[in-house]
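Taking it in order: structure first as C-alpha cells, then the write-up.
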Ligand code: PRX
C-alpha cells in the first residue's frame, strides 16, 4: 500500500482549524424520521435486533429464520427469507393507495419529461421482464445494461430483479473496451443499450460503442436497443441479434409474476476500480441490501410521503443503484432522475429543476458543489429553492468551504446537510449525520449510522487516539455489505479482510476527533477520486503503456480545486518515438478510448526515467510532490536520487503540460 500521506497531512491540518458546529433545530427534530437519539444506543446494544426491526419495511414471501450468519469474512443476512426486490420497489406500492403516485419523475436533457406512477412503472417493468424472458433470460442469467439516464434504465434494473436475473450496469461514459471486459467477466447473456444518450447537447454513441464491444463477447445472445436519439444511423441493427425496445418491450404482456428469491440470491454485480488488475465485480445480494438501503434512505434523508427526492448521480454508479432506484422505491418515494449535464442549456439547470418539481431533498457530490461555487451565487439565487428541506453530499471528502456554500446558498441556512460516506462495496451509507439529531461540523461525515461500528487504526491495527490520522475499518458486518468479488473470492478476502484480522479495510484514511466525529481524508491506496469517479492509477497506466510509443508510465491523482483530484501521468517513451510534444494529445485520447473519457489524463509529463526504489517500485509519493508543487519528501530509498531532482527541475522549467 502506498500512502498519500502528504495530502492527508494537509487536509488534516486544514480540518483541525475547522471549529464550526451547527446545531440541529428542535423544530426539525420534532418531525424527523429519526428524532430520538436512543436509536443509536438501541442499535449498538443489539444490532441484529435493530436490523430485524428494519427488515419489516419489506414484504416477504417467506419470513427469514436467522438475522445474521457470520463467519468472517462471509456474511449471510436474513437467511431462509424469500422476497423479490422489484415486488418491494414497485408491485406492492402499485397495489396500494400509492398506485397513482409518481414513482419516477424523469427530466430529459433537451427539456422533454416523463412521469411514471407506481402503477405505470409496474406495467413497464413487467413488459421489460417478459421481453427479457422471450430473449432467453432465465433466473440467475446476467444481463448487462449500458444506457444513459432515461426511464428505461431503472425499468431494466427492476425487470431483471423481477425475474431473478442479476444485472450488471456499465456506466455510459465507459469505452467499448471497458464494456467488453465487464460483459465477459460477468458472462452476460443479453445487453440492453440505446442508440445514444444526450450529454451537454451532443450525442454519446452508446450503440456504436456497444457494437465494437460485442465483437469480442461470446456470451451475448441478444441486444435490446432503446431509441433515445432517433437517428437511424446510430442504431444499425444486427439481424437475429438486435431487437428494438419499442418493438419487443412495448408489445410484451404487462403482467409478470415476481420470482421468489432467496435472501442471499445475487441482485446485481457492479464493477469498480481496485488498486491492481482488472475492475472488480462487486456482488450485492437481495434481502440485506434492500433492508440496508431502505432504512438508510428513510432516516438519513428524512423522506416523507409526499416528498420529491432527487439524487443527481448516474445509475451507472452505486449511488444511483442504492439511492435513485432501490432505496427510494422500496420506500415508495417519488424519485427524480435527470438525464444530462448541470450546465445545459445554462448553469441554472439544477435549480430550475428544483423549482419546476418542488424538490424537497437533494443529494449530490462535492465536485458539483465546487463547480456551482465557481459559477457564482446568481444562478441559484434566480430560482425558488424554498421547497428544499434536506441536502446531501457523497462521493469524496467535502471541504468545509464547499459545505458552507451549499448550506448557505442552496439550503439558505434552513436545511440540514448530510455528508454521507460509503462505497460501492458497502452498498449503503455507513457514516453520516441524522438530520435533526446530529450536530454537524462542515467537512465531517460525523458518526457511523446506528448499528454500524467503525474504527480508525494505525499500521499495526491499534486504534489511534483522537485527532490522529489512520486507516478506516469497519468492525461489524452490516446488511448491505457486498458478499464477494464476482468469480474471485480470494481477492475479496485478500483485499478487504487481510490487513486487519476480522475487520473490513475501506482503503480510506480518516481521523476521529474528541467528539467521536469522523473526518475522511481520502484514499490511502492507488485509487484516485476524480470528480467523484473512482479510477485506479493502475488502469490508466495500463492504458498508456498499451500505446506503441510508451515504454513506462506512472499515474497519480494530484489535487484539483474542482474535481478533488486530477490525473497526472509521467511517461517514458520508447527511443523510436516521434517528437514528444505532438504526442500529448494522442496519449490523452488513447486513454479516453481505452477506458472512457472520465479517465482522460489532465497532464502528461515526459521524462527519461521514473523515480524508483532499489526494488524497482515507482515512488508515486514523490511524483505527487512534484505535481502539487511541494518540496520533495524523503528520497533516501530511491535507487538514484538524481532522477527525481532532474524531473522536478524539468517540471518547473516547462510548467504544466500544455
Ligand atoms: O474514498 C471514499 C470516497 O469514495 C470512495 C468510494 O467510491 P465509490 O465506490 O465509487 O462510491 C462512491 C459513492 C458511494 C470511498 O472509499 N467517498 C465516498 N463518500 C465520501 C467519500 N470520501 C469522503 N467523504 C464522503 N462522504
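Quick notes on this structure:
- Based on alpha-carbon atoms, the Kirkwood radius and the radius of gyration of the stretch 267-307 give Rg/Rh equal to 1.19.
- Cα-based Rg of the stretch 1-98 normalised by 2.2 N^0.38 Å, two decimals: 1.67
- Label-to-label distance, residue 79 versus residue 36, with points set 7 angstrom from Cα along the beta-carbon direction: 3.2 nm.
- Förster radius 51 Å - calculated FRET efficiency between residue 44 and residue 236, Cβ distance, rounded to 0.05: 0.30
- Long-range Cα-Cα pairs in the stretch 409-496 (distance over 21 Å), rounded percent: 44
- Space enclosed by the convex hull of the alpha-carbon atoms of the stretch 28-85, per residue, Å³: 117
- For the stretch 78-155 versus the stretch 600-621, the inter-centroid distance based on Cα atoms is 47 Å.
- Taking one quarter of the surface of the C-alpha convex hull of the stretch 286-327 gives a mean projected area of 3.0 nm².
- Taking a quarter of the surface of the Cα convex hull of the stretch 45-152 gives a mean projected area of 10.3 nm².
- When the alpha carbon gyration tensor of the chain is reduced to an equivalent ellipsoid, the three semi-axes, largest first, read 37, 31, 25 Å.
- Sorted from longest to shortest, the spans of the Cα atoms of the stretch 251-379 along the three principal axes equal 52, 44, 38 Å.
- Debye intensity ratio I(q)/I(0), log10, the stretch 162-212, q values 0.21 Å⁻¹ (C-alpha model): -0.77
- According to the Kirkwood relation over distinct C-alpha pairs, the hydrodynamic radius of the stretch 209-272 is 14.9 Å.
- Spin-label pair residue 72/residue 212, simplified geometry with 7 Å Cα→Cβ offset, distance in nm: 4.6
- The distance from the alpha carbon centre of the stretch 192-207 to that of the stretch 529-592 is 26 Å, rounded to a whole number.
- Sorting 221, 653 from the fewest to the most surrounding beta carbons within 10 angstrom yields 653, 221.
- Viscosity 1.306 mPa s, 10 °C: Kirkwood-radius Stokes-Einstein D of the stretch 230-314 over Cα pairs, µm²/s: 89
- Exposure proxy ranking for 132, 623, based on other Cβ atoms within 10 angstrom of each Cβ and starting from the fewest, stands as 623, 132.
- Cα-based values for the stretch 471-570, radius of gyration first and Dmax second, are 16.5, 54 Å.
- Spin-label model distance (nm) - residue 386 vs residue 62, 7 Å beyond Cα toward Cβ: 5.4
- Spatial extent of the stretch 147-232: Rg and Dmax, with the Cα atoms as the point set, Å: 12.4, 36
- Mean sequence separation of contacting Cα pairs (under 8 Å, at least six apart), scaled by the length of the stretch 341-492, corresponds to a relative contact order of 15 percent.
- Euclidean distance of C-alpha centroids, the stretch 390-432 and the stretch 454-468, integer Å: 24
- Residue separation of residue 488 and residue 21 scaled by 0.36 nm, minus their Cα-Cα distance, works out to 163.7 nm of gained length.
- Rounded to the nearest 5, the antiparallel percentage of DSSP beta bridges internal to the stretch 73-226 is 40%.
- Relative contact order of the chain, defined on C-alpha pairs under 8 angstrom at six or more residues apart (%): 14
- Cα Rg, Dmax, the stretch 109-183, angstrom units: 13.4, 38
- The translational diffusion coefficient of the stretch 464-520, from Stokes-Einstein at 25 °C and 0.890 mPa s with a Kirkwood hydrodynamic radius over alpha carbon pairs, comes to 194 µm²/s.
- Inverse mean reciprocal Cα-Cα distance (Kirkwood Rh) of the stretch 511-560, Å: 13.1
- Here, P(r) means the percent of Cα pairs in each 5 Å bin from 0 to the largest distance; for the stretch 546-597 it is 5, 17, 26, 26, 16, 8, 3, 0.
- For 425, 18, order by how many other beta-carbon atoms lie within 10 Å, fewest first: 18, 425
- Cα pair distances in the stretch 321-375, grouped into 10 Å bins until the bin that holds the longest one, percent each: 19, 51, 26, 4
- For the stretch 53-170, the relative contact order works out to 20 percent when only alpha carbon pairs closer than 8 Å and six or more residues apart are counted.
- Full extension of the chain segment joining residue 221 with residue 203 gains 3.8 nm, where the gain is 0.36 nm per residue of separation less the Cα-Cα distance.
- Applying 0.36 nm per residue to the separation of residue 639 and residue 247 and subtracting their alpha-carbon distance, the gain on full extension is 134.7 nm.
- Calculated P(r) of the stretch 555-658 - Cα pairs past 18 Å, %: 50
We did not get these values from a lab; they are worked out from the coordinates using the rules stated. Being a predicted model, the structure only gives us computed values, none of them experimental. Positions of Cβ are generated from backbone atoms using ideal geometry, with glycine treated the same way; all protein chains shown enter the neighbour counts.
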